[in-house]
């Protein structure tokens, strides 16, 4: 059995983001084609997966503060280690977020596919102009957000976390 982490990207307070719907659909498609997976997902993508009929999804628990990709990866790693899983497929926005998630998964000690193979599997996720999180509205804002995180250690405020 393999592990799959379905990260969220772009959050709306009252409805599903188009990005999270695409991420959940990609995860379901990959799981159907590639075999048996233990799926761990952030709350918004987990809700969409459940609506799509995917069962037995471990939902990441909300912790205090802003929940970033590292927090999600850490919780997923606990689940995977307990179940003896060594290979993990991260499902994330291919522009910048996927690169970070691959690094986090590998740093946690799991094997994963190459960036390019994962991009082909996931497909286009896009952006959401109605997102509460400004950096998920377009590629320019995402690059600026990544720059602030990398060079200045920026963490968004907790109210922008799902």
For this session: Looking only at region 39-59, decide whether some residue is farther than 21 Å from residue 162 by Cα and not in a loop (DSSP other than H, G, I, E, B).
Result: no
Problem set entry | Enumeration of residues in region 84-109 that are outside any helix (DSSP H, G or I), within 15 Å of the chain's Cα centre (by Cα) and over 18 Å from residue 28 (Cβ atoms) | 95, 96
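Does residue 69 satisfy the criteria of being in contact with a helix residue (DSSP H, G or I) (Cβ under 7 Å, 6 or more places away or on another chain), surrounded by 14 or more Cβ atoms within 10 Å (Cβ to Cβ) and at pLDDT below 95?
Taking the combined requirement at face value, the residue satisfies it.
Taking region 110-148 as the region of interest, how many residues are within 23 Å of residue 12 (Cβ to Cβ) and assigned to a loop (DSSP other than H, G, I, E, B)?
Total satisfying the criteria: 13.
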Exercise. Which one of these does residue 77 not meet: (1) in contact with a strand residue (DSSP E or B) (Cβ under 8 Å, 6 or more places away or on another chain); (2) over 26 Å from residue 129 (Cα atoms); (3) assigned to a helix (DSSP H, G or I)?
Worked result: (1)
For this session: Check whether at least one residue in region 31-41 is out of contact with any strand residue (DSSP E or B) (no Cβ under 7 Å at 6 or more places or on another chain), surrounded by 12 or more Cβ atoms within 10 Å (Cβ to Cβ) and at pLDDT below 95, and report yes or no.
Result: yes
For this session: For residues that are free of Cβ contacts under 8 Å to residues at least 24 places away in the same chain and either at positive phi or surrounded by 18 or more Cβ atoms within 10 Å (Cβ to Cβ) (or both), tally how many sit in region 85-131.
Result: 1
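The values are calculated or read from the model by the stated rules, or taken from the named source; none is laboratory data. None of these values were measured; they are calculated from a predicted model. Note: ideal-geometry Cβ built from the backbone for every residue, glycine included; neighbour counts use all protein chains shown.
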